[in-house]
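Here's the structure, in structure tokens; my notes come after.
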Amino acid sequence: MKAQLLELETRALKEIDAIAEFSELEAFRIRYLGKKGQLTRFVKQIGRLAPEERPAMGKLANRIKKELSDRFEQAKAALDSPKAGGRASLMDLTLPGRAPVRGHLHPISRVIQEVCRIFSRMGFRVVKGPNVELDYYNFEALNIPRDHPARDMQDTFYITDNIVLRTHTSPMQVRVMESQKPPVSIIAPGKVYRRDSDVSHTPMFHQVEGLLVDKGVTFGDLKGTLASFVHQMFGNETPLRFRPSFFPFTEPSAEVDIRCVMCKGTGCRTCSHTGWLEILGSGMVDPEVYRFVDYDPDVYSGFAFGMGIERIAMLKYGIDDIQLFFKNDMRFLRQF
Ligand code: DAH
């Protein structure tokens, strides 16, 4: 056995001297030092020798094992070193690292959050409702009967005769009033859908609806609330105006314009040379709507408003194409 061990040692040392690659080195380790390696096999046999032979043979095997292990570590270190042209030479530790890309909220999500934060601070509660909506809530109970010309204003996606993809967030007014008595003050953000697609329209977009009903609510409250919103959203100095308008579910109705954010009112393409930009629709809740939810219009009054989030975002960030929000082009999204 002694001769065999010494022969193994000579052979192994000759082999390891010739090794120039990691894969060969690893094969060497397995061949001699592994669980079923040649040296390991000898060590296992030592137990079967006569007792007086065991100590010397054990000592010899251990010495060879340590020698081969040491040489293995040395060879590995040598292959690793840059001088040997090993792995380490492929690494330039002075290069700057690659930072992981940090994600962030989509600009539409950000504007929704900001609108909700502003109105939450004024005491409005955030509520959400279904995108697939009954005709009743989307039109009927908002004083838009089947033959009403206002239904033509909205190119509706119909699911069935009386189920639609909601064309606005206004149905949430009815859903909330139906489920609770005044005072109510809610805002309802969410997706809405219309058959429309060009630089200023997408078939899906976002709105935020607002509603406040209580005893003694006036148009003055509406003006104060929306003026405060505009100033928080677009800056304290932003002039705004209320322009008479019509909506079937509010009377009187008004649209709110802000001074053009692009030209500061001198007139440009964005504002069609009017100096003003429309940002939302609003008005005092029409008594007809109260009829559907069993509120007494002689006791309660309130206001409602609705705004398009993409429009607010376009004005706030100076974006001229609404489609950009939904193309998921990283070059666009990274700017926010
Ligand atoms: N629902 C309207 C639209 O989509 C916006 C609107 C106008 C909402 C007046 C209101 C309102 O609550 O009072 O164009």
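The values are calculated or read from the model by the stated rules, or taken from the named source; none is laboratory data. Values in this document were obtained by computation on a predicted structure and should not be read as measured data. A quick note on method: Cβ atoms are made from the backbone with ideal geometry, for glycine too, and the neighbour counts reach across all protein chains shown. Only protein heavy atoms, including side chains, enter the accessible area calculation; ligands, DNA and RNA are left aside. Shrake-Rupley method; radii C 1.70, N 1.55, O 1.52, S 1.80 Å.
Points worth noting:
- For the stretch 155-174, filtering for residues that are crowded, with 19+ Cβ neighbours inside 10 Å and of a type in the set (D, E, K, R) leaves 1.
- For the stretch 315-336, a residue qualifies if it is open to solvent by less than 60 Å² (accessible area, probe 1.4 Å) and either within 16 Å of the ligand (Cβ to nearest atom) or of a type in the set (A, V, I, L, M) (or both), and the qualifying residues are Leu315, Ile319, Ile322, Leu324, Leu333.
To keep it simple, each residue is scored yes or no on (1) within 30 Å of Leu333 (Cβ to Cβ); (2) within 13 Å of the ligand (Cβ to nearest atom); (3) not in a strand (DSSP E or B).
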{"residue": "Val230", "(1), (2), (3)": "yes, no, yes"}
{"residue": "Ser253", "(1), (2), (3)": "no, yes, no"}
{"residue": "Asp257", "(1), (2), (3)": "yes, no, no"}
{"residue": "Cys271", "(1), (2), (3)": "yes, no, yes"}
{"residue": "Met284", "(1), (2), (3)": "no, yes, no"}
{"residue": "Tyr290", "(1), (2), (3)": "no, no, yes"}
{"residue": "Pro297", "(1), (2), (3)": "no, no, yes"}
{"residue": "Ala313", "(1), (2), (3)": "yes, no, yes"}
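- Residue count for the stretch 302-311, restricted to those that are farther than 16 Å from Val176 by Cβ and assigned to a strand (DSSP E or B): 2
- Taking the stretch 114-150 as the range and being open to solvent by 30 Å² or more (accessible area, probe 1.4 Å) and acidic (Asp, Glu) as the test, the residues that pass are Glu114, Glu140, Asp147.
- Looking only at the stretch 175-196, residues that are open to solvent by less than 50 Å² (accessible area, probe 1.4 Å) and more than 14 Å from the ligand (Cβ to nearest atom) come to 1 in all.
- Filter result for Val199 (away from the ligand (no atom under 16 Å from the Cβ) and free of Cβ contacts under 8 Å to residues at least 60 places away in the same chain): no
- Of the residues contained in the stretch 244-251, none is found to be open to solvent by less than 40 Å² (accessible area, probe 1.4 Å), touching a helix residue (DSSP H, G or I) at 6+ places or on another chain (Cβ under 9 Å), part of a strand (DSSP E or B) and within 21 Å of Val111 (Cβ to Cβ).
- Checking the stretch 322-336 against the condition returns no match, with no residue being in contact with a Ser or Thr (Cβ under 6 Å, 6 or more places away or on another chain) and not in a helix (DSSP H, G or I).
- Test set (1) closer than 30 Å to Arg102 by Cβ; (2) at pLDDT below 95 - Cys271 fails condition number: (1)
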